[in-house]
1. When segment 109-136 is examined, which residues are found to be hydrophobic (A, V, I, L, M, F, W, C) and surrounded by 22 or more Cβ atoms within 10 Å (Cβ to Cβ)?
2. Quick check: anything in segment 231-238 surrounded by 12 or more Cβ atoms within 10 Å (Cβ to Cβ), more than 30 Å from residue 23 (Cβ to Cβ) and within 19 Å of the chain's Cα centre (by Cα)?
3. Which one is surrounded by the most Cβ atoms within 10 Å (Cβ to Cβ), of the residues in segment 160-197 that are over 30 Å from residue 110 (Cβ atoms) and in contact with a strand residue (DSSP E or B) (Cβ under 7 Å, 6 or more places away or on another chain)?
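Bear in mind that the values in this text are calculations on the coordinates, not laboratory data. Keep in mind the model is a prediction, meaning the values are calculated, not measured. Neighbour counts run over all protein chains shown; Cβ positions are idealised from the backbone, glycine included.
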Amino acid sequence: MPNIVAIIPARGGSKGVPGKNIKPLAGHPLIAWSIAAAKLSKRVEGLVITTDSEEIAEVCRRYGEEVPFLRPAAYAGDKSTDRDFMIHALDWWQANRGPVPEYWVHLRSTTPLRDPAHLDEAIEAITAAPGATCLRSAHPAPESPFKWFRKTEDGQFTGLDPNETRPDATNLPRQAFPDVFIPDGYVDVLRASFIRSGQMIHGPKIRAWVSPVSVEVDRPEDFERLEFLAQRQRPVLLDWLDRNRRA
């Protein structure tokens, strides 16, 4: 039985970018790029698509991916959490396939341009850290938030850290502050045993994996930049998609 599987969540409803999960990118629907990354990984042993949309499910089938269930609407609303779809997926697997894999590689379809080799590196990092409750990816922040301001009620700017005592701390060079990383959607690896143990999916012991800076789909104009990058780089994902698309 597999012990490492990928999971791609894709709701049918999207207010910011309507239909984003199946919107074309370099001739292929957005979600197909995450399917390709999972298929090209050397460590991923299976794949689960969790969606509430039959339209999305049919798109996935055109790339050879089985979608044996639709996620209930109760777990696919605007206020639904990642834990909701994870618990549903774990329950489905146990009821239909038997022993539940321990490691679940969470691939958000809104981060399409991944290197499958990086997924393998992330999987190796968490499997080598048995005490970790999960792994999360993040990329270096281009500037330190310790140099940012917040606005007080009386209309003044002050630094974010209330314990900072250095004079003019916000004007110090960035090297004076600790490195800061921005969480992204490149890859997370979750542990089924930890998810089952409580009300969290990430937990307190997050294995760090520093990812490349990547473009995520938050606004319609993000597709323009992704289109340029996909065509310029012609990543290995695009070759897989061209070969495996069914009519």
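1. Correct list: 119, 122, 123, 126, 134, 135.
2. The answer is no, given that none of the residues of segment 231-238 is surrounded by 12 or more Cβ atoms within 10 Å (Cβ to Cβ), more than 30 Å from residue 23 (Cβ to Cβ) and within 19 Å of the chain's Cα centre (by Cα).
3. Applying the filter and picking the extreme gives 170.
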